[in-house]
1. Which residues, taken from the stretch 185-219, are in a strand (DSSP E or B) and hydroxyl-bearing (Ser, Thr, Tyr)?
2. Please enumerate the residues belonging to the stretch 145-188 that are over 43 Å from the mean Cα position of the chain (by Cα) and open to solvent by less than 50 Å² (accessible area, probe 1.4 Å).
3. I'd like the residue in the stretch 223-245 that is in contact with a Ser or Thr (Cβ under 6 Å, 6 or more places away or on another chain) and crowded, with 20+ Cβ neighbours inside 10 Å and, out of all such residues, is modelled with the lowest pLDDT.
4. Which residues, taken from the stretch 202-216, are within 10 Å of Glu241 (Cβ to Cβ) and among the hydrophobic types (A, V, I, L, M, F, W, C)?
5. Among the residues of the stretch 196-216, count how many are surrounded by 24 or more Cβ atoms within 10 Å (Cβ to Cβ) and at pLDDT 90 or above.
6. Six or more apart or on different chains, Cβ under 9 Å: which pairs go from a residue in the stretch 300-311 that's open to solvent by 50 Å² or more (accessible area, probe 1.4 Å) to one that's assigned to a strand (DSSP E or B) and modelled with pLDDT of 70 or more? Could you list them?
7. Please count how many residues of the stretch 141-169 are touching a strand residue (DSSP E or B) at 6+ places or on another chain (Cβ under 9 Å), outside any strand (DSSP E or B) and within 12 Å of Val193 (Cβ to Cβ).
8. Specify which of the listed residues (Glu256, Glu271, Glu266, Glu262) is over 30 Å from Ser196 (Cβ atoms) and among the acidic types (Asp, Glu).
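The values are calculated or read from the model by the stated rules, or taken from the named source; none is laboratory data. Bear in mind that the values here come from a model prediction, so they are computed numbers and not experimental data. We place every Cβ from the backbone using ideal geometry, glycine too, and count neighbours over all the protein chains shown. Side chains are part of the model used for accessible areas, which takes the heavy atoms of the whole protein and leaves out ligands, DNA and RNA. Shrake-Rupley method; radii C 1.70, N 1.55, O 1.52, S 1.80 Å.
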Amino acid sequence: MHCVNDDGTMIGLVSDQAYTQTCGANSGSFSAGVSPAGNECWWLLDEDEATAAIKNSFTGKYAQVLPDDGGDYNEIAEINDFDTIARLSFSIKPDLDGIHTVSLRWAGGDNEGAGDSLYVVMRDAQTSAVVSGTRTWKASVGPIQDAGVDGCCYTMATHACPCMMQDQADSVGCGSDGATFWVVTEDATAYGVTCSADDGAMQVIEAPAWYEFAGRPEFSTHDAEGLDFNVQPWDSTCEAEGTGTSDSGMNMAEFELEANTEYMLEFYPREDGVALDAWVLTGPSSYPPDTSMTLTEGSSTLCAEDIGHSRVGTASFNVIALALSLTILLVMAFALLFLKRDSARAWCARTRERCGTSGVWKHPRMSLNDSLQETNADGGLVGGYVAVDAGRANVV
């Protein structure tokens, strides 16, 4: 389970393998870069050994949905549609009530613009019920087949496919620059392309059941040896309940979570081939990850009870600090007692010296009761006596 660190953040590094995964229905197997028939699983890959590896994962290992054989899951209408898709799950426990925001280090799995993408879902760990995101807005969209257009112009770098008529596509040179190509409505429908309303209308998503992360600026920077996680070190923008080839970038994956409650942070592919290196969940009092933030093996903020891992949450840290403080106080108390005992012994030694061999010491300033007072003939106080015998003070 992942807990909060001292910065109010939870971190999940895939290569630490603190997750569970469920393969898609009728899953095949994957070995040595071979993509067999069958549905997908999230596989932990070694960057040095994987075929068409994605470069610059933090530790040389990352998770990828394989086989990458062109499967896609863009027809998501309700949360139950995720039931047969490959799932990667991380257990988390916040320490504060409030809004928590997900940031991802991810990449697509192809060299034609990294078209692969993924969905993020939050669930209650005890009931598996979906924990909805916070209320938000996004541009009003609909399926391309209902938009009355001829097709869309797909941009390789951003994966956006703005809907338009054929003459519009010709006027902007769609497909003539090597960076775009024309997709007719029939084909675009199969890819799940959606079209924004022409009048800029917005729609309210009251309780987002999922968020889509889609589209990365990889086309201009990738090479034939593979894609690069460093092209966009951390991605914090997405689309609430999106399913298109590119997310709107208008939303963030925000969830209202309760302290000391266990949740499951889950990832599903929109297309096979998508890869995940790490995630960060920032709490109400923390900040988004800096683009220069790097992780090493063991960086996952696992709870103290997870044996074999060194990081602890803030609450556990406070308990340890309290125990240490109590120990220090006890040591100081014992030291003070020893000092007082030594002082008493020194006092007794001085007393013996003043008493001499008689064992009697006159102390004219001490307070005496009636039975120990000596008076003269006029009734005046003469003095009292203290005798010390065998280390014990006795009044005589």
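1. Going residue by residue through the stretch 185-219, those that are in a strand (DSSP E or B) are 194-196, 202-205, 211-213.
Once the filter is applied, which keeps residues that are in a strand (DSSP E or B) and hydroxyl-bearing (Ser, Thr, Tyr), the stretch 185-219 yields Thr194, Ser196, Tyr211.
2. Our first condition is that a residue be over 43 Å from the mean Cα position of the chain (by Cα); within the stretch 145-188, this holds for 148, 150, 165-173, 176.
Passing the criteria: Ala169, Gly173.
3. We begin by selecting, within the stretch 223-245, every residue in contact with a Ser or Thr (Cβ under 6 Å, 6 or more places away or on another chain); these are 229, 231, 233-234, 236, 239-240, 244.
Those left that are additionally crowded, with 20+ Cβ neighbours inside 10 Å: 229, 239-240, 244.
Details: Phe229: 93, Glu239: 95, Ala240: 97, Gly244: 85.
So, considering only residues that are in contact with a Ser or Thr (Cβ under 6 Å, 6 or more places away or on another chain) and crowded, with 20+ Cβ neighbours inside 10 Å, the one modelled with the lowest pLDDT is Gly244.
4. Selection gives Ile205, Ala207, Ala209, Trp210.
5. Residues of the stretch 196-216 that are surrounded by 24 or more Cβ atoms within 10 Å (Cβ to Cβ), as a first pass: 208, 210-216.
Subset that is at pLDDT 90 or above: 208, 210-214.
Of the residues in the stretch 196-216, 6 are surrounded by 24 or more Cβ atoms within 10 Å (Cβ to Cβ) and at pLDDT 90 or above.
6. Gly308/Leu302; His309/Leu302; Ser310/Leu302; Arg311/Ile11; Arg311/Leu302
7. Summing the residues that are touching a strand residue (DSSP E or B) at 6+ places or on another chain (Cβ under 9 Å), outside any strand (DSSP E or B) and within 12 Å of Val193 (Cβ to Cβ) in the stretch 141-169 gives 7.
8. Details: Glu256 fails: over 30 Å from Ser196 (Cβ atoms); Glu271 fails: over 30 Å from Ser196 (Cβ atoms); Glu266 fails: over 30 Å from Ser196 (Cβ atoms).
Answer to the selection: Glu262.
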